[in-house]
């Protein structure tokens with residue numbers, strides 16, 4: 001395998017533009033999921049309210065529901081007496097306002113005379129302390145557009161609008177393939193060994209997995225593959241089905257055992273090898289089996305920078 005020494009490095013801006021373009025290879029299907037489990041998912045179609053919220057005129061305060069016109073003229077000096085069941089009805093917050101009534105007087109402003117009468121000392125105005133039908137959302141109104149990312153508050157809005165299920169885009173599955181003969185899996189059996197036998201603990205794939213989850217994807221981690229081009233190619237091609245994006249860690253630098261570029265060129269296409277950013281110069285962008293593939297440098301900080309600039313915008 002020949003060395004590749006970045007003879008045609010791209011600027012960071014050029015690499016980001018190519019990354020954005022190759023991201024179009026990702027085509028996510030949709031799935032219906034319960035609204036209550038939709039946090040962080042991306043809506044696949046515009047959503048319209050099935051019902052109004054609230055679905056009826058309801059009390060916004062605990063108190064009595066009244067017809068505002070019957071309360072006019074009530075003052076501290078000239079209190080008015082209302083008959084319960086005829087001129088006033090006790091309501092709690094959220095209760096429907098009885099037909100024919102259009103205002104609520106807070107219970108703190110109501111003086112109870114006996115079980116059948118109350119006294120008020122200030123008049124009410126129409127729709128005072130009443131939440132009108134559709135105050136939050138009106139049936140047929142668009143609640144969210146396509147490609148909206150659902151927040152905790154959105155879950156409440158969707159439920160209030162009558163949605164129990166929502167069509168969302170499937171989460172992108174991202175294959176992570178760590179490579180390097182010097183690496184070993186995190187294993188408690190080697191904890192604390194300083195004899196040089198245990199090798200370097202592979203941690204990049206777990207950092208990237210966490211970042212992918214934060215960005216709405218599903219990481220699919222492969223075991224470490226030694227620096228053997230045949231084994232790396234076999235691991236790539238045997239794990240690529242069912243994933244939308246491939247990250248291969250290390251092997252894209254200019255060392256004698258860096259095989260990533262050659263392997264991708266055999267079965268796909270390399271669009272970028274070498275980016276004018278430090279750290280992260282060995283980053284690679286290509287296509288493999290109809291999917292984007294990103295070569296992530298092996299140094300931890302370089303790996304994170306390459307992810308943030310080239311992978312995160314894709315997801």
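Taking label points 7 Å from Cα along the Cα-to-Cβ direction, residue 147 and residue 25 give a separation of 2.1 nm.
Over region 197-315, Cα pairs under 8 Å with separation of 6+ residues give a relative contact order of 23 percent. The label-point distance for residue 132 and residue 93, in a model that sets each label 7 Å from Cα toward Cβ, rounds to 2.2 nm.
The angle between the Cα long axis of helix 12-22 and the longest principal axis of the Cα atoms of the chain comes to about 70 degrees, rounded to the nearest 10. Taking 16 Å as the cut-off, the amide N atoms of region 173-188 that come nearer than this to a point 7 Å along the Cα-to-beta-carbon line of residue 201 belong to 183-188. The residues 80, 8, when put in order of fewest to most other Cβ atoms within 10 Å, stand as 8, 80.
Can you give me the Cα centroid spacing of region 197-221 and region 71-121 in angstrom? First find each Cα centre; the distance between them is then 64 Å. Based on C-alpha pairs under 8 angstrom that are at least 6 apart in sequence, the chain has a relative contact order of 23 percent.
Centre-to-centre separation between the Cα atoms of region 127-151 and those of region 227-301: 47 Å.
Compared with the dominant Cα axis of the chain, that is its longest principal axis, helix 204-214 is turned about 20°. Net length available on complete extension from residue 213 to residue 312 is 34.6 nm, with 0.36 nm assigned per residue and the Cα-Cα distance removed. Each distinct pair of alpha carbons in region 58-131 adds a 1/r term; the inverse of their mean, the Kirkwood radius, is 11.7 Å.
Please state the relative contact order of region 58-131 as a whole percent: Cα pairs under 8 Å, 6+ residues apart? Could the numbers behind the result be given before it?
Working: 180 pairs, mean separation 35.1, N = 74.
Taking the mean separation of contacting Cα pairs over the length of region 58-131, I get 47 percent.
Paramagnetic label reach from residue 164 (point 7 Å along Cα→Cβ; backbone nitrogen cut-off under 15 Å): within region 38-67, residues 50-51. Computed from Cα positions, the angle between helix 229-239 and the longest principal axis of the chain comes to roughly 30 degrees. Given their separation in residues at 0.36 nm each and the Cα-Cα distance between them, residue 187 and residue 266 gain 25.0 nm when the chain is fully extended. Here the translational diffusion coefficient of the chain follows from Stokes-Einstein with Rh set to the Kirkwood radius across Cα pairs; for 4 °C and 1.567 mPa s it amounts to 53 µm²/s.
Taking each residue as 0.36 nm, the span from residue 78 to residue 122 lengthens on full extension beyond its C-alpha to C-alpha distance by 14.9 nm.
Computed from the coordinates by the stated procedures, all read-outs in this text should not be read as laboratory data. Nothing here was measured: the structure is a model prediction, and the numbers come from that model. All Cβ positions, even for glycine, are placed from backbone atoms using ideal geometry, and neighbour counts span all protein chains on display.
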